[in-house]
Amino acid sequence: MICSCDSGAGQVECFHLEGSRHVVNRNFYEPAESGLTVQMEDRGKFLSQDEGLKQEIVRMTSLLYDRGLITAVGGNVSARNAGAKEFWITPSNLFKKDVTPGDLVKCDLQAKVVKGLMKPSIETPFHAAIFRRREDVNAVVHAHNPIATALGVAGVEIEPVTMEGALLLGEVPIVPFKNPGTSALAEAVAEHIVGHRALILKNHGVIGVGYELVEAMSAVEILEEAATIMYVSKIFGKTTTIPREEIEAIKKLYKI
Ligand SMILES: [Zn+2]
């Protein structure tokens, strides 16, 4: 198919998620034979959809580790081709910075392994539960955001302190504590994710979802940014929020 997005890639074949929006990748490489500089997007058309998706999962996982939002073995990332009944997920217990596309595991929507050699993340049940419940979601990021998680531990709700947070996240429910990897956690997550872009898991971490991986990662980052701003503002004793009418006005302006 021809990609018509405005990512700067031009009219090239979109390999990441056929039928969906283009995933922007700004890396470049130089083929030795031609000496020409070619965009990664062009290289991508030689990859299968699954290979492109797996590379994006690995890239996002590495970025999350660099940002301090996941730990050595804590946190997990999954994604599927738009609307697919199977998804790829990071493996359990591997150092997240070292995960390669070959380490990823493919699971069905009942969280059963269908492809791959490694053991899938123990949180595969809630990733599967989200994909079952939300047909519009093709990517799930589970991170261990320190500040957002701390606010959840304190029972402090995220407030509209940034316009990005107010527009893109809105309300962020705090999911009551359930043990990691359990069906009880998967059920609680599936119940709370309806109508939301992000969740805080009490005494555990956060979840961000999106139509594609960049959106899911963005949800997790915007959440941590808002949480950090709230935390620092509370040190100074005053947390000023954006007036509701201003948020409604900007939503109307941009048709959000
Ligand atoms: Zn976790």
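Since every read-out is calculated from the coordinates, none of them should be taken as a lab result. All of these numbers come straight from a predicted model, not from anything done at the bench. For neighbour counting, all protein chains shown are included, and Cβ atoms are generated from backbone atoms with ideal geometry for every residue, glycine included.
Where Lys and Arg each count +1 and Asp and Glu each count -1, what net charge lies around Ile158 among other residues with Cβ under 14 Å from its Cβ?
So the surrounding residues net to -4.
Please rank Ile130, Ile250, Ile207, fewest neighbouring Cβ atoms within 10 Å first, as an exposure proxy.
Ile250, Ile130, Ile207
Assuming a viscosity of 1.567 mPa s and a temperature of 4 °C, what translational diffusion coefficient in µm² per second does Stokes-Einstein assign to segment 49-254, Rh being the Kirkwood radius over Cα pairs?
Rounded to a whole number, D works out at 76 µm²/s.
Exceeding 23 Å between C-alpha atoms, which entries from my cross-link table qualify? They are Lys234/Lys255; Lys54/Lys96; Lys85/Lys251; Lys85/Lys112; Lys54/Lys255.
Result: Lys234/Lys255; Lys85/Lys251; Lys54/Lys255 exceed 23 Å.
If we count other beta carbons within 10 Å of each Cβ, what is the order of Tyr211, Tyr254, Tyr65, fewest first?
Result, fewest neighbours first: Tyr254, Tyr211, Tyr65.
Taking neighbour Cβ counts within 10 Å as the exposure measure, how do Phe95, Phe87 sort from fewest upward?
So the residues, fewest neighbours to most, are Phe95, Phe87.
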